[in-house]
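Take a look at the structure set out below.
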């Protein structure tokens with residue numbers, strides 16, 4: 001049994017359901033919530049002040065790996081801030097760690113995605129930060145659209161079809177891109193990702209990485 005530590009603004013049994021759908025057997029998750037009530041810099045800064053204590057708390061457990069999610073928290077200080085977070089983690093625990101944005105960049109590189117579109121549930125100003133973050137790592141975001149949700153509670157109420165409709169519209173408008181990025185684990189879209197991939201080219205992504213992961 002492998003133990004993965006998870007620090008996330010969206011931690012709950014409901015949001016972990018999708019995680020358990022894609023993880024292989026033999027993995028247990030020990031989580032801590034990094035509370036972010038709304039998408040403002042003041043709120044992200046407050047969460048940042050809590051972060052190190054959450055890492056210390058989790059590090060008391062015999063973790064095999066530590067994952068930090070929360071794209072907007074991780075990107076609010078600009079490109080490269082994910083690596084600053086990981087440097088901080090290294091001062092607290094030797095446990096191997098990653099952030100969701102670090103994993104997104106690695107995933108895009110593994111799949112050869114250099115030109116993408118982005119569909120998100122976030123407000124436009126937050127999407128613009130994510131675009132700058134990705135472009136810092138050489139991933140061109142040809143176009144992006146968001147649903148303008150002000151917080152995670154609103155995102156949770158979105159039906160999976162909201163992700164399918166937004167992604168499909170973008171991919172039909174920009175059919176020559178390599179793939180699509182759809183952030184936020186509070187957006188309940190796992191059930192529609194395979195359909196999006198199959199109906200558009202097909203594009204590489206979740207399905208390919210999942211098959212290799214398993």
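A few comments on the model shown:
- With respect to the conditions (1) without any contact (Cβ under 8 Å) to a residue 40 or more places away in the chain; (2) within 20 Å of residue 187 (Cβ to Cβ); (3) in a helix (DSSP H, G or I), residue 15 falls short on a single one, namely (1).
- Within the range 20-50, the residues that satisfy the criterion of being touching a helix residue (DSSP H, G or I) at 6+ places or on another chain (Cβ under 8 Å) and assigned to a helix (DSSP H, G or I) are 21, 22, 44, 47, 48.
- Residue in the range 79-91 that is within 26 Å of residue 200 (Cβ to Cβ) and either buried (at least 19 other Cβ atoms within 10 Å of the Cβ) or at pLDDT below 95 (or both) present: no
- Subset of the range 120-132 (residues that are part of a helix (DSSP H, G or I) and within 13 Å of the chain's Cα centre (by Cα)): 127, 130
- Residue 116 meets all of the listed conditions (1) in the same structural domain as residue 32 (by TED's automatic domain parsing); (2) outside any loop (DSSP other than H, G, I, E, B) but one, namely (1).
- Number of the exception - residue 70 against (1) at pLDDT below 95; (2) surrounded by fewer than 17 Cβ atoms within 10 Å (Cβ to Cβ): (2)
- Single match in 60, 56 (criterion: farther than 23 Å from residue 127 by Cα and either in contact with a helix residue (DSSP H, G or I) (Cβ under 7 Å, 6 or more places away or on another chain) or in contact (Cβ under 8 Å) with a residue 12 or more places away in the chain (or both)): 56
- Any hit, the range 137-150, residues being surrounded by fewer than 16 Cβ atoms within 10 Å (Cβ to Cβ), free of Cβ contacts under 8 Å to residues at least 40 places away in the same chain and either part of a helix (DSSP H, G or I) or under 14 Å from the mean Cα position of the chain (by Cα) (or both): no
- Looking only at the range 156-192, residues that are more than 14 Å from the chain's Cα centre (by Cα) and either assigned to a helix (DSSP H, G or I) or in contact (Cβ under 8 Å) with a residue 12 or more places away in the chain (or both) come to 25 in all.
The values are calculated or read from the model by the stated rules, or taken from the named source; none is laboratory data. None of these values were measured; they are calculated from a predicted model. Reconstructed Cβ throughout: ideal geometry from the backbone, glycine too, with neighbour counts over all protein chains shown.
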